[in-house]
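Encoded as structure tokens, the structure appears first; notes follow it.
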Amino acid sequence: GKHRLVIPCLGHFKEEYEKVSKLYMNNKIRTTRYTLLNFLPRNLFEQFHRVANLYFLFLVVLNWVPLVEAFQKEITMLPLLGVLTIIAVKDALEDYSRYKMDKQINNLVTKVYSR
């Protein structure tokens with residue numbers, strides 16, 4: 001049968017581990033949706049897939065047309081900005097808790113079964 005080589009990431013095996021580990025993918029768990037760089041664009045993209053948010057965006061854009069202007073421009077933006085901010089904060093907190101859980105799981109000590 002086939003054999004596999006397992007090198008511990010400890011002590012004097014560290015250099016050998018780093019050489020061999022570059023050849024293989026790691027098995028870290030990552031369940032987060034966002035990174036710091038893509039949070040804002042990706043979150044806005046996901047939020048504007050909701051019909052209600054698109055409706056409020058339509059009202060904001062429509063209110064910037066001088067012929068149709070019903071309210072002050074700033075007042076029309078408040079509900080949309082409020083909803084987008086609340087949902088973004090909620091998503092950020094959920095993603096951060098996923099990040100902490102992933103970090104905890106990835107740092108667990110495991111046992112390797114050997115015959």
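The values are calculated or read from the model by the stated rules, or taken from the named source; none is laboratory data. Computed from a predicted structure; not experimentally measured. Neighbour counts are summed over all protein chains in view; Cβ atoms, including those assigned to glycine, are modelled from backbone coordinates with ideal geometry.
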Exercise for the section: Report yes if some residue within the range 79-98 is over 18 Å from Tyr34 (Cα atoms) and at pLDDT below 90; otherwise report no. Expected result: yes
Handout entry: Only one of Phe45, Phe71, Phe58, Phe39 that is touching a residue at least 24 places away in the same chain (Cβ under 8 Å) and hydrophobic (A, V, I, L, M, F, W, C)
Key = Phe39
Exercise for the section: With the condition kept exactly as written, say whether any residue in the range 17-30 is polar (S, T, N, Q), modelled with pLDDT of 90 or more and either touching a Cys at 6+ places or on another chain (Cβ under 7 Å) or surrounded by 12 or more Cβ atoms within 10 Å (Cβ to Cβ) (or both). Expected result: no
Practice task
Quick one: in the range 65-115, of everything that is exposed (fewer than 12 other Cβ atoms within 10 Å of the Cβ) and aromatic (Phe, Trp, Tyr), which residue is farthest from Arg30 (Cα to Cα)?
Solution key: Phe71
Exercise for the section: Test Val68 against the criterion of being modelled with pLDDT under 90, aliphatic (A, V, I, L, M), over 17 Å from the mean Cα position of the chain (by Cα) and outside any helix (DSSP H, G or I), and give yes or no. Expected result: yes
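Name the residues in the range 89-112 that are without any contact (Cβ under 8 Å) to a residue 60 or more places away in the chain, part of a helix (DSSP H, G or I) and more than 11 Å from the chain's Cα centre (by Cα), would you? Break it down stepwise before answering.
From the range 89-112, those without any contact (Cβ under 8 Å) to a residue 60 or more places away in the chain are 89-94, 96-97, 100, 103-104, 107-111; that's our starting set.
Within this subset, residues satisfying the condition of being part of a helix (DSSP H, G or I) are 89-94, 96-97, 100, 103-104.
Val89, Lys90, Lys100, Lys103, Gln104 - these are the residues of the range 89-112 that are without any contact (Cβ under 8 Å) to a residue 60 or more places away in the chain, part of a helix (DSSP H, G or I) and more than 11 Å from the chain's Cα centre (by Cα).
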Fill in the blank from the handout: The residue that is farthest from Lys90 (Cα to Cα), considering only those in the range 35-54 that are surrounded by 11 or more Cβ atoms within 10 Å (Cβ to Cβ) and aromatic (Phe, Trp, Tyr), is Phe48
